[in-house]
1. Looking only at segment 130-140, which residues are open to solvent by 10 Å² or more (accessible area, probe 1.4 Å) and either out of contact with any helix residue (DSSP H, G or I) (no Cβ under 9 Å at 6 or more places or on another chain) or in a loop (DSSP other than H, G, I, E, B) (or both)?
2. Output yes when any residue across segment 52-72 is loosely packed, with under 14 Cβ neighbours inside 10 Å, touching a residue at least 24 places away in the same chain (Cβ under 8 Å) and either charged (D, E, K, R) or within 19 Å of ARG112 (Cβ to Cβ) (or both), and no when none is.
3. Output the residues belonging to segment 94-129 that are in contact with a His (Cβ under 6 Å, 6 or more places away or on another chain), among the β-branched types (Val, Ile, Thr) and open to solvent by less than 70 Å² (accessible area, probe 1.4 Å).
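The values are calculated or read from the model by the stated rules, or taken from the named source; none is laboratory data. Nothing here was measured: the structure is a model prediction, and the numbers come from that model. Quick reminder, even Gly has a Cβ in these numbers, built from the backbone with ideal geometry, and neighbours come from all protein chains shown. Quick note on the areas: whole protein, heavy atoms, side chains included, nothing else; ligands and nucleic acids left out. Shrake-Rupley method; radii C 1.70, N 1.55, O 1.52, S 1.80 Å.
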Amino acid sequence: MVGRFLLIGILLLWSGLGQAQTKVEKKAKAYSEIKSLVASEDFIFMADTALPNWGSSISLVTNDNHLHIRGKTVDAHMPFFGEGRLGTDYPGGGPIILDGEIKDYKIRFDDRKRTITIQFYVKGASERHDVILEMSGGGYAKLVITSMSRSRMVYRGRVMAYKEENEG
């Protein structure tokens with residue numbers, strides 16, 4: 001009888017280890033796919049949540065938004081729920097629009113934590129935007145956009161391969 005319980009316990013332990021290995025392999029594969037996507041230099045971030053400095057999160061599920069990185073250029077249209085800063089040339093509200101050449105582009109891969117961080121800035125006609133995009137395996141990401149004219153905005157969403165139909 002004890003032998004039977006021991007055998008059942010070993011089988012359960014063995015099957016559990018197989019599933020744990022599968023989870024590790026899945027996470028490694030997802031991270032590898034995000035690394036390849038970043039290396040392609042043609043991907044898009046789409047937010048599902050905005051996190052303004054002053055309040056609770058705002059759902060963006062029905063709000064068109066995107067940040068598209070293609071080579072050394074960026075095209076973005078992100079909703080803005082913050083405030084303008086005093087003494088700066090605030091462009092009068094509305095979304096954060098980035099369109100132009102990426103400057104000071106840096107990528108940091110943290111293979112131990114399986115995260116990727118991209119940093120750059122873009123100069124527009126009236127303001128400079130500093131951008132940080134932090135990604136994890138599986139495509140989950142956080143986007144932080146800072147400028148001298150506006151309060152900082154944080155977005156949560158997903159990074160994916162760019163397709164024409166992604167942009168709203």
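1. Within segment 130-140, ASP130, ILE132, GLU134, GLY137, GLY138, TYR140 qualify.
2. yes
3. VAL122
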